[in-house]
Amino acid sequence: MEEAAHGGGTTQRGRLMEGLLAYGAAFTELGRRFAVQLGVHSTDAFALLEIASAEERGAPLSPALLSKRISLSSGAMTTLLNRLEQAGYITRSREHNDRRIVTLRSSPQVKERADAFFGSINERQDAVLSQYPADLVEQFETVLTQLRSALEAELTPSGGGK
């Protein structure tokens, strides 16, 4: 493997990717356990987490945006949303001026269960992040955003992905 010009950057990239993969695997396992607690498939649980997170950020998702976040076809997304709605975990509403746009909202039940399930890990992660200066955490956010964008560009049909 070729060494990067930045004094071992390839090795550093490898270590960073290894850490991100390990974090991703741990998060996936946590999501799987949350799904078991809710009695849903892990894809349904990750959809619920995306919906609730978007709401917390003040930018609720539409089914189309959710399907981009969790890579499902429109048919599979409709089936998933039907399951979640029937279970009482989400609602679909038409809040936009364009009445064709559906907004997804998580139920209070999901919010309570997610808060209870993820509360301790969120506290632990907040404690870790609080050990670092805000500007360093901001830089890390930027790096993660850029790495995700590079990955997503590769995954889009025109991005050169397979």
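How about segment 60-105: which trypsin sites (Lys or Arg not before Pro) there lie in a loop by DSSP and see at most 12 other Cβ atoms within 10 Å? Write down the numbers at each step before the final one.
Numbers: sites: 68, 69, 83, 92, 94, 99, 100, 105; in loops: 94, 99, 100.
Sparse-neighbourhood loop trypsin sites (Lys or Arg not before Pro): 94, 99, 100.
How far apart, in nm, are two points set 7 Å out from the Cα along the Cα-to-Cβ line at residue 150 and at residue 27?
It is 1.7 nm.
Short version: ³J(HN,Hα) in whole Hz for each residue of segment 47-54, in order, from phi by Karplus 6.51 cos²θ - 1.76 cosθ + 1.60 (θ = phi - 60°), x for Gly and Pro, what are they?
3J(HN,Hα) across segment 47-54, in whole Hz: 5, 4, 5, 5, 5, 5, 5, 4.
From the P(r) of segment 25-71, could you give the percentage of C-alpha pairs in the tail past 14 Å?
Working: 546 of 1081 pairs.
Counting pairs separated by more than 14 Å, the tail of P(r) holds 51 percent.
Would you mind working out the magnitude of the charge dipole of segment 62-152 relative to its Cα centre, with +1 at each Lys and Arg C-beta and -1 at each Asp and Glu C-beta, to the nearest 20 Debye? Walk me through the intermediate numbers first.
Numbers: 12 positive and 11 negative charges, 133 e Å.
Once rounded to the nearest 20, the dipole reads 640 debye.
Once you place label points 7 Å from the Cα toward the Cβ at residue 100 and residue 134, how far apart are they in nm?
Those two pseudo-labels are separated by 4.3 nm.
Need one number: nm distance between label points at residue 13 and residue 78, each 7 Å from Cα along Cα→Cβ, rounded to one decimal.
Spacing of the two 7 Å Cα→Cβ label points: 4.2 nm.
Can you give me the angle between helix 9-38 and the longest principal axis of the chain, using Cα atoms only, in degrees from 0 to 90, rounded to the nearest 10?
20
Report in % the part of the accessible area of segment 29-162 that belongs to carbon and sulfur, leaving out ligands and nucleic acids; probe 1.4 Å.
Values: 4770 of 8940 Å².
Ligands and nucleic acids excluded, carbon and sulfur give 53 percent.
Counting only GluC sites (Glu not before Pro) that are in a DSSP loop and have at most 15 other C-beta atoms within 10 Å, tell me the longest site-free stretch of the chain. Present the calculation step by step, with values, prior to reporting the outcome.
On the way: sites that count: 2, 3, 95.
The longest uninterrupted stretch comes out as 4-94.
The values are calculated or read from the model by the stated rules, or taken from the named source; none is laboratory data. Not measured: the values here are computed from a predicted model. Reconstructed Cβ throughout: ideal geometry from the backbone, glycine too, with neighbour counts over all protein chains shown. Accessible surface is based on the protein model in full, side chains and every heavy atom, while ligands, DNA and RNA are left aside. Shrake-Rupley method; radii C 1.70, N 1.55, O 1.52, S 1.80 Å.
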